[in-house]
Structures are given as C-alpha cells and as structure tokens.
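Enquirer: This is the structure I want to talk about, given as structure tokens.
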Amino acid sequence: MQRGVICFVHPNGRQGILRVRGGWDLPFDAADGVGLGRVRAGDHVAFEVMQTPEGPVAYNLVRRP
C-alpha cells in the first residue's frame, strides 16, 4: 500500500484529492475505504492505486495515524 495525505475534500465529505508521497495527486472516493467514514484535509491514509479509463485513482483507503 502507498501512503499519502488528504489535501482536498468535496463539501459532501466523501470525494476529494490526496497527495501521494513523491508529490503527485490522485482522486479518491471515501466509499472505497471500508469503515473510513468522512475524511478531512490533513488526514493521513494508506491506499492502493487502480488504473481506470480516466486515469489512476486511489481506492481501498485506510486512515493512518
């Protein structure tokens, strides 16, 4: 799993953008994280990357301390 930090969260509290170590950004949907719930900017997460027709996305998010 890779690690990153949530840097933007849509007002609905479920989708947004996270910054991956190394400086690139990935979109995410918190519904793809089991038990993740609402996320906030600054939350540290671990995740996997999935390639979609629109490009890579983060999924299987897990909150990290």
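The values are calculated or read from the model by the stated rules, or taken from the named source; none is laboratory data. Predicted model, so just to flag it, every value in this text is computed and none were measured. Positions of Cβ are generated from backbone atoms using ideal geometry, with glycine treated the same way; all protein chains shown enter the neighbour counts. Each accessible area value is taken on the protein alone, full model and side chains, heavy atoms only, with ligands, DNA and RNA left out. Shrake-Rupley method; radii C 1.70, N 1.55, O 1.52, S 1.80 Å.
The rows are residues; the columns are (1) open to solvent by less than 40 Å² (accessible area, probe 1.4 Å); (2) at pLDDT below 90; (3) of a type outside the set (Gly, Ala, Ser); (4) within 18 Å of PHE8 (Cβ to Cβ).
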position: LEU26; (1), (2), (3), (4): yes, no, yes, yes
position: GLY37; (1), (2), (3), (4): yes, yes, no, yes
position: ASP43; (1), (2), (3), (4): yes, no, yes, yes
position: GLU54; (1), (2), (3), (4): no, no, yes, yes
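Enquirer: Could you grab the pairs with beta carbons closer than 6 Å, sequence gap of 6+ or different chains, first residue in the stretch 1-24 and modelled with pLDDT of 85 or more, second one open to solvent by 80 Å² or more (accessible area, probe 1.4 Å)?
Expert: Every condition considered, the pairs that remain are ARG3/ARG21; GLY4/ARG19; VAL5/ARG19; VAL5/HIS44; CYS7/ARG19; GLY16/PHE8; GLY16/HIS10; ILE17/PHE8.
Enquirer: While we're here: Among the numbered criteria (1) of a type outside the set (A, V, I, L, M, F, W, C); (2) out of contact with any strand residue (DSSP E or B) (no Cβ under 7 Å at 6 or more places or on another chain); (3) not in a loop (DSSP other than H, G, I, E, B), which one does GLY16 miss?
Expert: Failed condition: (2).
Enquirer: Here's a follow-up. Report, by residue number, each residue of the stretch 49-64 that is at negative phi and in a strand (DSSP E or B).
Expert: VAL49, MET50, GLN51, THR52, PRO56, VAL57, ALA58, TYR59, LEU61, VAL62, ARG63, ARG64
Enquirer: Inside the stretch 20-48, can you point out the residues that are over 8 Å from the mean Cα position of the chain (by Cα), part of a strand (DSSP E or B) and farther than 13 Å from VAL62 by Cα?
Expert: Within the stretch 20-48, VAL20, ASP25 qualify.
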